[in-house]
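Below is one structure, written out as structure tokens; comments come after it.
The values are calculated or read from the model by the stated rules, or taken from the named source; none is laboratory data. This is a predicted model, so every value here is computed, not measured. Cβ atoms come from the backbone with ideal geometry, glycine included; neighbour counts cover every protein chain shown.
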Amino acid sequence: MCGIFGYLGPKTNSLELVIKGLQKLEYRGYDSWGVATDLNGELFVDKKVGKISEAKLDNFKDKSSNIAIGHTRWATHGGVTDINAHPHFSSDKTIAVVHNGIIENYQEIREELGKENFITETDTEVIPQLIAKYRKDNSFKDAVFKAVQRLEGRYAIVVLNVGENYLIAARRGSPLIVGVGKDEYFLASDIPAFLEYTKDVNYLDDDEMVVVDGGVEFINLTTGKPVKKRLINIDWQAESAEKGEYDHYMLKEIMEQKETILRAINQDTDEIMHIAQMIKDSRGCFLSGCGTAGKVCMAGEYFFSIIANRHVNFAPSSEFPVYHHFLRPESLLIIVSQSGETADALEAMEAAKKKGCKVFSIVNVEGSTIARQSDFSLHIKAGPEKAVASTKAATSQMALLLLIATAMIGELQEGRRLLAEVASQINDMLNPRFLNYIKEVAEKIKDQENSYIIGKAENYPMALEAAIKIQEVSYVHAEGFAAGELKHGPIALVTEGTPCISLVANDEVKKDIINNTLELKARGAHIIGISPEKHDVFDDWIKVPDVGIASPLVNIIPTQLLAYYIAVLRGLDPDMPRNLAKSVTVK
Ligand code: G6P
């Protein structure tokens, strides 16, 4: 949901550096991009519709400057046009701003500053205009401080003032991280932007600003007082945020599931026992997340019920605040989020905290807002996930939930053993022959307009997740159903040749789902069975390992690959699905 990046340091190719950094944040938005710098006391701005990955670095070679800001956009207010792209600047061209978030009171500020002075349709343009107004009688720092007090909504901004060789950034609700290198500083929405230069970071918290000159000075925006922060060292490798030998991040991340589950379960035993006890002690335990993380939560509901005999309630984060009547101080909210920055998930946390509940989170980004604002947080250690479609994070999150469920009944070691076995089986499964076979199945169904996926028990959430994957990257209409629900309506949609994917595990509901699959077949469906065993009803059989209750972790992987190959065979870029963004930091 928009990527922002700023650089200040000794390097004089700051524009190229900022563009390269933004290319690593492209997953956050890819409809337009722009950069700004101070070129010998004059504001230079270049912004365009299109993908930042298509920016021509040569165009910036002759523009030498040691300070720059840039943006890659996922439009919210104002159409996708060159002029609406960021950076935005003040009428006097002294202040330039990049922004991630939404300014809710922008209309009011526009009126106040005179609508005729605005040249874009965006909410963001009010920020440089306001700063420029305060700048007339204030220092750069005080002008930014005063301007942000006026803003309502969510923002992470980086501000450049021509003639002042320093940057100022501020945040409320949208992520912003300061990378601290040797005499150089980076301000970015996410770590991969600067990972090749430094792994030392400071996280900006809500209602804080930072002045970056020869050092970093953090200021609380409510009190105006300085804030002390500890430098955190990130253990990601720069290469892990690159595509490497793969054509797309999505495929790379699917393949990484050979290792990521082992990393997810490599957790401190005391911490796992602590969270297992927190769940046991809670009175009213809730699971919440968005998109794929939400489907992971649903799988968690089944794990807690089947393994630990414990009822946990799921609600998508955007709906969670509605349930506030059920929350009390003894309740526990478990938030699952890859990025740790999703606005709806943060709002769910806020609703829980208002009622005095404890919050436990499972995130992939250490130090993310959700992690920091939780009472307790575990990190799945899956490494950067850059494809919009979440894959490796989902299986790691499920592994961790399953592990916690086993810890709740004193069987943590058995849980670890099972998941290590799952990891080893996935390692064997993800071989070139398997990938080729799935590509062949994808080829058969790629031109269909509709597809349906069914699952039962802990594989029902995986049917929903498989549908998300297919929809978001291949644009084929896909819907997931609880297998038993078919006969109550959805079966009317099935006609001759409709692809239907059946997720079958070797469990006590196997017979039921096979019967439901037969019902589909009788209406002419083309059945793709994902199962450890072959059943006559399958037209195509994708064999997966038999891993008992952990079956969602293996059943979901072929659907990720199917979605990927359908997209590629349809000539689409699975890493950049239309209308979507990786990190959704607006409500
Ligand atoms: C976006 C992404 C999804 C992701 C969801 C939740 O919609 O496109 O892939 O599942 O956000 O993100 P989170 O970072 O909270 O897991």
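Restricted to region 367-393, and to residues there that are free of Cβ contacts under 8 Å to residues at least 60 places away in the same chain and assigned to a loop (DSSP other than H, G, I, E, B), the residue that is nearest to the ligand (Cβ to nearest atom) is Ser374.
Per the conditions (1) without any contact (Cβ under 8 Å) to a residue 40 or more places away in the chain; (2) within 21 Å of Asp206 (Cα to Cα), the sole criterion not satisfied by Glu108 is (2). When Ile157, Ile168 are screened for being outside any helix (DSSP H, G or I), touching a Lys or Arg at 6+ places or on another chain (Cβ under 7 Å) and surrounded by 22 or more Cβ atoms within 10 Å (Cβ to Cβ), only Ile168 passes.
Only a single criterion out of (1) surrounded by 21 or more Cβ atoms within 10 Å (Cβ to Cβ); (2) modelled with pLDDT of 95 or more is not satisfied by Trp74, namely (2). Checking region 129-138 against the condition returns no match, with no residue being under 15 Å from Val35 (Cβ atoms), surrounded by fewer than 24 Cβ atoms within 10 Å (Cβ to Cβ) and not aromatic (Phe, Trp, Tyr). Going through (1) small (Gly, Ala, Ser); (2) touching a helix residue (DSSP H, G or I) at 6+ places or on another chain (Cβ under 9 Å); (3) under 23 Å from Glu485 (Cα atoms) one by one, Ala581 falls short only on (3).
Scan region 355-365 and tell me whether some residue there is assigned to a helix (DSSP H, G or I), within 15 Å of the ligand (Cβ to nearest atom) and either at pLDDT 95 or above or touching a Gly at 6+ places or on another chain (Cβ under 6 Å) (or both). Checked region 355-365: no residue is assigned to a helix (DSSP H, G or I), within 15 Å of the ligand (Cβ to nearest atom) and either at pLDDT 95 or above or touching a Gly at 6+ places or on another chain (Cβ under 6 Å) (or both).
Where helices (runs of 4 or more DSSP H) fall entirely within region 213-322, those with at least 1 residues that are within 16 Å of the ligand (Cβ to nearest atom), under 24 Å from Ala382 (Cα atoms) and not aliphatic (A, V, I, L, M) are at 249-255, 257-265, 291-306. With respect to being touching a Gly at 6+ places or on another chain (Cβ under 9 Å), buried (at least 20 other Cβ atoms within 10 Å of the Cβ) and among the hydrophobic types (A, V, I, L, M, F, W, C), Ala407 fits the description.
For (1) in the same structural domain as Pro192 (by TED's automatic domain parsing); (2) more than 12 Å from the ligand (Cβ to nearest atom); (3) part of a loop (DSSP other than H, G, I, E, B), each residue gets a yes or a no:
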{"position": "Asn555", "(1), (2), (3)": "no, yes, no"}
{"position": "Leu561", "(1), (2), (3)": "no, yes, no"}
{"position": "Ile566", "(1), (2), (3)": "no, yes, no"}
{"position": "Gly571", "(1), (2), (3)": "no, yes, yes"}
{"position": "Thr585", "(1), (2), (3)": "no, no, yes"}
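Can Ala299 be described as out of contact with any Lys or Arg (no Cβ under 8 Å at 6 or more places or on another chain), touching a residue at least 12 places away in the same chain (Cβ under 8 Å) and of a type in the set (Gly, Ala, Ser)? Here the answer is yes, as Ala299 does meet what is asked.
Per-residue answers, yes or no, for (1) in contact with a Phe, Trp or Tyr (Cβ under 9 Å, 6 or more places away or on another chain); (2) within 16 Å of the ligand (Cβ to nearest atom); (3) among the hydrophobic types (A, V, I, L, M, F, W, C):
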residue	(1), (2), (3)
Leu327	yes, no, yes
Asp344	yes, yes, no
Glu347	yes, yes, no
Lys353	no, no, no
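Assessment of region 528-535 against the conditions (more than 32 Å from the chain's Cα centre (by Cα) and surrounded by 16 or more Cβ atoms within 10 Å (Cβ to Cβ)) yields at least one matching residue. Report whether or not Glu472 is of a type in the set (Asp, Glu), within 16 Å of the ligand (Cβ to nearest atom) and in contact with a Lys or Arg (Cβ under 8 Å, 6 or more places away or on another chain). In short, no.
Candidates are the residues of region 515-525 that are buried (at least 20 other Cβ atoms within 10 Å of the Cβ) and out of contact with any Leu (no Cβ under 9 Å at 6 or more places or on another chain); the one that is nearest to Met462 (Cα to Cα) is Thr517.
Remark: pairs (first residue in region 210-231, more than 11 Å from Lys141 (Cα to Cα); second residue small (Gly, Ala, Ser) and surrounded by 10 or more Cβ atoms within 10 Å (Cβ to Cβ); Cβ separation under 8 Å; 6+ apart in sequence or on different chains) = Leu221/Ala170.
Determine whether Ser368 is under 22 Å from Lys587 (Cα atoms) and either among the polar types (S, T, N, Q) or buried (at least 24 other Cβ atoms within 10 Å of the Cβ) (or both). Here the answer is yes, as Ser368 does meet what is asked.
Restricting attention to region 439-462, does a residue exist that is of a type outside the set (D, E, K, R) and within 15 Å of the ligand (Cβ to nearest atom)? Among the residues of region 439-462, at least one is of a type outside the set (D, E, K, R) and within 15 Å of the ligand (Cβ to nearest atom), which makes the answer yes.
For region 407-493, the helices (runs of 4 or more DSSP H) that sit wholly inside it and include 2 or more residues that are free of Cβ contacts under 8 Å to residues at least 40 places away in the same chain and outside the structural domain of Asn309 (by TED's automatic domain parsing) are 432-445, 460-474.
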